[in-house]
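The values are calculated or read from the model by the stated rules, or taken from the named source; none is laboratory data. Keep in mind the model is a prediction, meaning the values are calculated, not measured. All Cβ positions, glycine included, derive from the backbone under ideal geometry; neighbour counts span all protein chains shown. Note: accessible area is taken over every heavy atom of the protein model, side chains too, but ligands, DNA and RNA are not part of it. Shrake-Rupley method; radii C 1.70, N 1.55, O 1.52, S 1.80 Å.
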Protein chains: 4
Amino acid sequence: MTKSFGSDNHAGVHPAVLDAIVAANAGDAMPYGADPWTSAMEDAFRHAFGPSAHAYAMFNGTGANVVGLGLLLARPYEAVLCPAPAHIYTHEAGASERVLGVRLVPVPTDDGKITPESLAGQLHGLGDEHEVQPKVVSISQVTECGTVYTPGEIGALADFAHGHGMYLHMDGARLANAAAYLGCSLRETTADVGVDVLSFGGTKNGALGAEALVVFSPELAGATRFLRKQGMQLSSKMRFVSVQLTALLTDDLWRTAAAHANAMAFRLADGIRDLVTFRYAVQSNAIFPVLPREVIESLQQRFTFHTWSETESVVRLMTAFDTTSEDVDHFATAIRTTLKP
Amino acid sequence: MTKSFGSDNHAGVHPAVLDAIVAANAGDAMPYGADPWTSAMEDAFRHAFGPSAHAYAMFNGTGANVVGLGLLLARPYEAVLCPAPAHIYTHEAGASERVLGVRLVPVPTDDGKITPESLAGQLHGLGDEHEVQPKVVSISQVTECGTVYTPGEIGALADFAHGHGMYLHMDGARLANAAAYLGCSLRETTADVGVDVLSFGGTKNGALGAEALVVFSPELAGATRFLRKQGMQLSSKMRFVSVQLTALLTDDLWRTAAAHANAMAFRLADGIRDLVTFRYAVQSNAIFPVLPREVIESLQQRFTFHTWSETESVVRLMTAFDTTSEDVDHFATAIRTTLKP
Amino acid sequence: MTKSFGSDNHAGVHPAVLDAIVAANAGDAMPYGADPWTSAMEDAFRHAFGPSAHAYAMFNGTGANVVGLGLLLARPYEAVLCPAPAHIYTHEAGASERVLGVRLVPVPTDDGKITPESLAGQLHGLGDEHEVQPKVVSISQVTECGTVYTPGEIGALADFAHGHGMYLHMDGARLANAAAYLGCSLRETTADVGVDVLSFGGTKNGALGAEALVVFSPELAGATRFLRKQGMQLSSKMRFVSVQLTALLTDDLWRTAAAHANAMAFRLADGIRDLVTFRYAVQSNAIFPVLPREVIESLQQRFTFHTWSETESVVRLMTAFDTTSEDVDHFATAIRTTLKP
Amino acid sequence: MTKSFGSDNHAGVHPAVLDAIVAANAGDAMPYGADPWTSAMEDAFRHAFGPSAHAYAMFNGTGANVVGLGLLLARPYEAVLCPAPAHIYTHEAGASERVLGVRLVPVPTDDGKITPESLAGQLHGLGDEHEVQPKVVSISQVTECGTVYTPGEIGALADFAHGHGMYLHMDGARLANAAAYLGCSLRETTADVGVDVLSFGGTKNGALGAEALVVFSPELAGATRFLRKQGMQLSSKMRFVSVQLTALLTDDLWRTAAAHANAMAFRLADGIRDLVTFRYAVQSNAIFPVLPREVIESLQQRFTFHTWSETESVVRLMTAFDTTSEDVDHFATAIRTTLKP
């Protein structure tokens, strides 16, 4: 098929990741993570995120998010504050409500990001037994709108959360793209600025299927293994998940892959910038141009991409680690000629 | 204490209800509803709501709401659409999420009421496994803003719900006040206009502590007893709950009590109407005047009532079945003199 | 109807309790427990159970049990060990599993009581993420078999539980009968011997409908109000629940009522002891004679009581605070003449 | 390491499965199962299990079990009857209770198998709102004790279940081993004898990590996609899970792999049969010899295997698709010489 701009999970597996899987198929290993490949993966996370990082392999992002939020919620009347477009609120089929029995409170946002100011209005009814009690702030880095928090913005959210007895969870399904955009380390946009628990995304970065829950608080780590098992995220032949994560963290493959995807998105944006406006800032591997409805329909007959907003006539165009300049230029030309036949 | 304008649950018990409780203390009775008083209560509901009404005694409104919503939800990925200020969303401590594992979706509203138009925007992602699937519309009659749906408005919501494969649940904690305001029967604003399941409120109407879940679909009724037990709402000496409900339904005591409470609220509104504006229409036993912050503070030192909105400087003044004209006039005078010393 | 021997919840309300309800109907009161009657109830519990007792009014026993167990469970992979015939396991419709998401582990027992020895075999898989982790031991006092733990036995269970990082919960639906049998105070069989959380039963002791959750650990008490609300057990006009509990605790009415019920059961046992064997020891207000099947059938046409075990041909005969000597003698004679026509 | 006899999930991936994964890494594909590899997998299941089979790829066995049971439970007061040693009861950390809110009822068994007779005693309290209502019978094929149900035994359980308004779920984590032992097709021990929903195990049969939920009732299939997503089992790059399953179903690789594992277990049993007794019948790839405690300790210093029962001094020795005759003979000799030095 023509290169998809639908999502970075339309792509296959990065060759280095696949090689690592094949290499791990070397006889027996203890299951459930008691194997040397998983130990190496845990080391790789400590190297990348600092010594406080405890990493746990998970199957998918929803699983990592639900287990991670569950870890932070001590009582079932506690609630999670998240931006209204957050993946946990919009695209996880109510898994948090179902599995955790928790309220997710959607906080209004224009660009996918929230701030201490936008959170402040949600802190009502504290101590009132009739109301849910906010306990966790959850943000996505990159956001669902393709925007990126600066480390300073995250630090401010962490300070706000901690100052009000709350934790900060980060859905880092595309953390690699954010760090690549910011030019910072993985640690600088997470552990160093107060993130308590991170869902680290591998799959969209080039893995076959591998995510990690990274817990930065030793006192929380103990419960994680149980919550992972009960959350149906415990892999028996875990080595094959672990090596994917290690491969991404080795020689900063995560950054190479993400930076390339970002560059392809920027190239696509540059290729149409004179003809369109972008609904959100171009900061990662997803861009959100406004296109006339008939142009969208025409392009979707030849290309794969999502309509983001019917009412605003906005589409989402997303690149991956394996998107090529030719793919981008071909698509940009098609957009241009459809806009200006 | 000075008569409270804080809530209709600050009041005690209507003498007729208390008499009924005392009268029911006549020797043994089979527990869990297998008693003649409960049968009589069920008959009274059929008389008031029509032959399709199956009534189940419950302890409190939250219990009735959670059991009622649970009855309508067949699968845990189904969601409930409700007005943002709905009691189930704002003042039940996340009981629905916890017990049912369900998403409650807050629908914006200015006056507590929702419409087919405001619901239409929530019907996205139908059939998409990543999104919760709307299955129930829940409304409050009277709303939390003191406003009242007309039977026609409820019918339109029921038609919309049923036309989209959804059910209509009504939180009728103050249904009596609504029917008294509308001058209609209980049936005309519920069963006759398409309500599927009703939480019928007795406590705020003069009961000691008695609500009923009224199920209008025979095929749903079978599961109710189990969900009530599992929902911790099954009374063992149920006769003492049932007789409260029967007392309210006898000789339309519900209407007498509610109409009086409404009249007292209207009298209060009339007493200050020239000096204040009301945030919402005056249609029941709660009025929502806008008062200067210092006036609120001054009055709250002498009277009991709630601040509804700090930011809008709105208070909620609520009357009960036992509020007297003297109570009202005393309070109205106080408001007037505080506003215009 | 002829006096029932089916259950102590077939009885009505003790006059002193009903009087207290009527007396509390004195104008307005703050709702949800912020009223002087509830404060007095809390004092009465501290008086009866010692200064560490924090009492919370609940609607029914299942509600008290579920909220109480929920209070003790910090993580959803934790489990509750209970005797196989425990009410929480056999007659609460799976409320704990549903609301708490927890495993209840049935521990075999012959007479309704468990011991440290019978618990020891359940402590497997500790620290193994594949297995649920025992966190609470729950016992009933009186047990479902009518037997009574001595304070020493409870203390041994508490020591065992605490020694293994677990809590001890007591379902005291008939605690009054146990204390009356033991001739001890309420405190001596609960707080003084290590019970952490108690479901205190009022309804079967003569209340209209009132239970209390008594929390003996200050650090746990904070969450109780929220869990009660979310657990649909928060009464709005709480004074009418509180006064029932206070009435039972005043002048040891609980003991008078329970001792009478016990005495009536012992009288019934004495009246048939020469003709039958008892499946369990006679220690409270329930006796469990073995009767021939045809005798059971004949008696059930004239008297109300439950068959306890079809296979063992055991029935349960239960007395209440208002069972009279005449009721007992009439029934005993009927049993005798049916056995020996 | 020396070949493990600890579990068949200590093994790596069958080369044919790994080849299939590598081959599927061919450019873009639509995610979440909308890809040709997943369609081919679905076809392969219909070919193997008959036209009624709807297959859904899952990450792991616990996920398949929980989603599958959830599909069969219409109401939260319904319960699952399963053998006491069932994996869902003993080794899934209470996932069913947590996610489904359901009671799992452990049915006593000596050899891991249950029968209509052993189920009959569990059907009490039907229609009684105080008791959970049995709705699903769940069996494991192969059982946790290594024993295998005949198709006739499964048919009898299905008839019993359906005759009482219940469904039959099969945890087929080692279904391949059972069918290989029985010499029958996959269909003959599932769809043809009344199984409603099957958790089909790929991982222990040679996959990297792939299970399938196979639903044999079209009316149930509709909800599966939603429950899978909400159950955190939806793979985004699903093709890489699907091809593993297809590889096992192609040219009956599942049978070749399982029959070999079985044969290795039988060879091991034959090698020590004159010296030991087996706790359970030898029918699959797990054998359970009774060994003296000191022999167990000595062997565990050199070999990897689990102690099954401390009290009975029973161990579990399990083979895999890649266990060799040399591995077996080496281990058998070690056992013999340790038993008879």
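A few notes on this one:
- Residue check for A:R98: outside any loop (DSSP other than H, G, I, E, B), facing chain D (nearest Cβ under 10 Å) and basic (K, R): yes
- Of the residues making up the range C:1-19, those that are surrounded by 24 or more Cβ atoms within 10 Å (Cβ to Cβ), more than 8 Å from every other protein chain (Cβ to nearest Cβ) and of a type in the set (A, V, I, L, M, F, W, C) number 2.
- Flag for C:P85 being touching a residue at least 40 places away in the same chain (Cβ under 8 Å), touching a Gly at 6+ places or on another chain (Cβ under 6 Å) and farther than 22 Å from B:R98 by Cβ: yes
- Residue match in the range D:182-192 (condition: among the small types (G, A, S), open to solvent by less than 20 Å² (accessible area, probe 1.4 Å) and touching a helix residue (DSSP H, G or I) at 6+ places or on another chain (Cβ under 9 Å)): no
- Lone qualifier among B:D8, B:D19, B:D43 - being touching a Lys or Arg at 6+ places or on another chain (Cβ under 8 Å) and acidic (D, E): B:D8
- Residue check for B:S236: in contact with a helix residue (DSSP H, G or I) (Cβ under 9 Å, 6 or more places away or on another chain), open to solvent by 10 Å² or more (accessible area, probe 1.4 Å) and not basic (K, R): yes
- As a summary of the residue check, A:P108 satisfies the conditions (1) open to solvent by 20 Å² or more (accessible area, probe 1.4 Å); (2) more than 12 Å from chain B (Cβ to nearest Cβ) except for the one numbered (2).
- Within the range C:25-39, considering residues that are more than 26 Å from the chain's Cα centre (by Cα) and open to solvent by less than 50 Å² (accessible area, probe 1.4 Å), the one nearest to B:M238 (Cα to Cα): C:N25
- All of B:A332, B:A286, B:A257, B:A320 fail the test of being touching a residue at least 60 places away in the same chain (Cβ under 8 Å), within 14 Å of chain C (Cβ to nearest Cβ) and among the small types (G, A, S), apart from B:A320.
- Cβ-Cβ under 8 Å pairs, at least 6 apart or on other chains, the range A:298-315 side on the phi > 0 side of the Ramachandran plot, far side part of a strand (DSSP E or B) and surrounded by fewer than 17 Cβ atoms within 10 Å (Cβ to Cβ): A:S313/A:V290
- Among the candidates C:R316, C:R273, C:R293, residue that is at pLDDT 95 or above, open to solvent by 10 Å² or more (accessible area, probe 1.4 Å) and within 19 Å of the chain's Cα centre (by Cα): C:R316
- Given (1) under 28 Å from B:A95 (Cβ atoms); (2) in contact with an Asp or Glu (Cβ under 9 Å, 6 or more places away or on another chain), index of the condition C:P83 fails: (1)
For (1) open to solvent by less than 20 Å² (accessible area, probe 1.4 Å); (2) modelled with pLDDT of 95 or more; (3) more than 10 Å from chain A (Cβ to nearest Cβ), each residue gets a yes or a no:
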| position | (1), (2), (3) |
| --- | --- |
| D:V22 | no, yes, no |
| D:M41 | yes, yes, yes |
| D:H47 | no, yes, yes |
| D:V66 | yes, yes, no |
| D:V80 | yes, yes, yes |
| D:P83 | yes, yes, yes |
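- Residue ID - farthest from A:L157 (Cα to Cα), chosen from residues in the range A:203-219 that are more than 11 Å from every other protein chain (Cβ to nearest Cβ) and touching a residue at least 40 places away in the same chain (Cβ under 8 Å): A:N205
- Residues within the range A:137-156 that are small (G, A, S) and within 13 Å of A:V197 (Cβ to Cβ), tallied: 1
- For the range C:223-233, filtered to residues that are more than 7 Å from chain B (Cβ to nearest Cβ) and of a type outside the set (D, E, K, R), the residue that is surrounded by the most Cβ atoms within 10 Å (Cβ to Cβ) is C:L227.
- Taken together, B:D171, B:D159, B:D196 contain a single residue that is open to solvent by 10 Å² or more (accessible area, probe 1.4 Å) and touching a Phe, Trp or Tyr at 6+ places or on another chain (Cβ under 8 Å), which is B:D196.
- Residues (more than 14 Å from chain C (Cβ to nearest Cβ) and open to solvent by 30 Å² or more (accessible area, probe 1.4 Å)) located in the range D:118-146: D:S118
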